[in-house]
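Reviewing the structure listed below.
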There are 2 protein chains.
Amino acid sequence: MAYHSTSLAALFHALSDPTRLAVTEALCDGPQPVSRLAAPHDMALPSFLKHLKVLEAAGVTTSEKQGRTRIVALRTERLAEGQDWFAERRRLWSDRFDALEAHLDRTQETPK
Amino acid sequence: MAYHSTSLAALFHALSDPTRLAVTEALCDGPQPVSRLAAPHDMALPSFLKHLKVLEAAGVTTSEKQGRTRIVALRTERLAEGQDWFAERRRLWSDRFDALEAHLDRTQETPK
């Protein structure tokens, strides 16, 4: 449970920055070299590389050298964990809302 | 677009801490007084209140005084934004994967 939370917290931390969010969104189009990922960001390369490190440390991305180029790819199974967390929360609060509505329907029924 | 990203980044920042994640999960059971939310956390109250402030500033929760008690509730529409973001990313990478698979099927077909 603690590990699970920490792990989710690390995932959300990786996504808690606009640059890292934009990189994650860009990678949905497929693996890309660092230079292409960095191009839209008005940022010194070392700063950009730090963001990539955070994403990789959190398991959001993986990367490998191909010749002189480093290719970054999304780890979709890690993003799926985030989606599952939100889906489970929604299920819980929807169940609660349905139960509340049913309760109100019962208590507000006009007595016959 | 910038606002959208910042706003999502703020949502994920709110969820990037195990205490705040646990509070968010607890609130799926319905609105609760601060004291009950704080109880499971081995933390001084001022530190806990800081976490609640981060959640409220990011729009994850809302709160109101009822007499001498402050009641905290989840803003489910804000969590829905997070779920939508993950769902859209999954849609994009699934489409890409399907396209890649179709391409491989075509190129690897045995010539007749």
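The values are calculated or read from the model by the stated rules, or taken from the named source; none is laboratory data. All values reported here derive from a predicted model rather than from experimental measurement. Please note: Cβ atoms are built from the backbone with ideal geometry, for glycine as well, and neighbour counts cover all protein chains shown. Protein only, heavy atoms only, side chains kept; ligands, DNA and RNA dropped before computing areas. Shrake-Rupley method; radii C 1.70, N 1.55, O 1.52, S 1.80 Å.
At-a-glance table
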quantity: Scan of the range B:32-45 for residues that are within 14 Å of chain A (Cβ to nearest Cβ), open to solvent by less than 80 Å² (accessible area, probe 1.4 Å) and in a loop (DSSP other than H, G, I, E, B), ordered by number; calculated: B:H41
quantity: Some residue of the range A:18-31 being part of a loop (DSSP other than H, G, I, E, B), within 12 Å of chain B (Cβ to nearest Cβ), among the basic types (K, R) and under 26 Å from B:D95 (Cα atoms); calculated: no
quantity: Any hit, the range B:13-28, residues being touching a helix residue (DSSP H, G or I) at 6+ places or on another chain (Cβ under 9 Å), at pLDDT 95 or above and more than 25 Å from A:A58 (Cβ to Cβ); calculated: no
quantity: Single condition A:W93 does not satisfy, out of (1) within 14 Å of the chain's Cα centre (by Cα); (2) within 10 Å of chain B (Cβ to nearest Cβ); calculated: (1)
quantity: Hits in the range B:32-84 (condition: in contact with an Asp or Glu (Cβ under 9 Å, 6 or more places away or on another chain) and either in contact (Cβ under 8 Å) with a residue 40 or more places away in the chain or among the acidic types (D, E) (or both)); calculated: B:V54, B:G59, B:I71, B:V72, B:A73
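Per-residue answers, yes or no, for (1) modelled with pLDDT under 95; (2) surrounded by 12 or more Cβ atoms within 10 Å (Cβ to Cβ); (3) part of a helix (DSSP H, G or I):
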{"position": "B:S5", "(1), (2), (3)": "yes, yes, yes"}
{"position": "B:V54", "(1), (2), (3)": "no, yes, yes"}
{"position": "B:A73", "(1), (2), (3)": "no, yes, no"}
{"position": "B:A87", "(1), (2), (3)": "yes, yes, yes"}
{"position": "B:F97", "(1), (2), (3)": "yes, yes, yes"}
{"position": "B:A102", "(1), (2), (3)": "yes, no, yes"}
